[in-house]
Amino acid sequence: MTATQPDGSTTVSRIKGDREPVICGVCRRRATTGFGWAGQQGRPVLWLCDDPICGQLARSVYEMPKLKLDAFEEAARDDAGEMAGAYLDSIGKSDLSALSGEEWATFLHQVIVGFEAGLRTRILKGVAPF
């Protein structure tokens, strides 16, 4: 069952509540496949990206309480920060204003991909600071 919040919203409706896919309900990438999970007809759809792990995790994310999903997201955010920090260490820079355009793009890529990968991995393995 989808966790209902005091304002009447659900975890799923806050992730994606309309009929067209926009973001993946698991990793937050762009949902381009047109595939999603609702459990049964008439329920909000949790849209999915093309990563097979997101398809594998759709049901558990759909039914996950908000506080648990929040914990996974916070841990994935920290994972992304670690990846981005490691990139900065690898190029020997810590001042973001000193990054070239290409370095800035790579830094941001590390943050985004780090979050996506961290979220998938943590949910798949059930690893979050509970």
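Working note: Karplus 6.51/-1.76/1.60 with θ = phi - 60° gives region 91-98 the couplings 9, x, 10, 10, 8, 4, 6, 8 Hz, where Gly and Pro are set to x. Spacing of the modelled spin labels on Lys93 and Gln41, each 7 Å from Cα toward Cβ, amounts to 5.5 nm.
Projected label points at Thr106 and Gln56, each 7 Å from Cα along the beta carbon direction, are separated by 3.0 nanometres. With a Förster radius of 25 Å applied to the C-beta separation of Ala86 and Leu124, the computed FRET efficiency comes to 0.70. Between Arg30 and Cys24, the built amide H atoms are under 5 Å apart, and every one of these is 5 or more places off in sequence or on another chain.
Bear in mind these aren't lab numbers, they're just calculated from the coordinates by the rules spelled out. Fair warning: this is a prediction, and the values are worked out from it, not measured in the lab. Cβ coordinates were reconstructed from backbone atoms using ideal geometry, including for glycine residues, and neighbour counts include every protein chain displayed.
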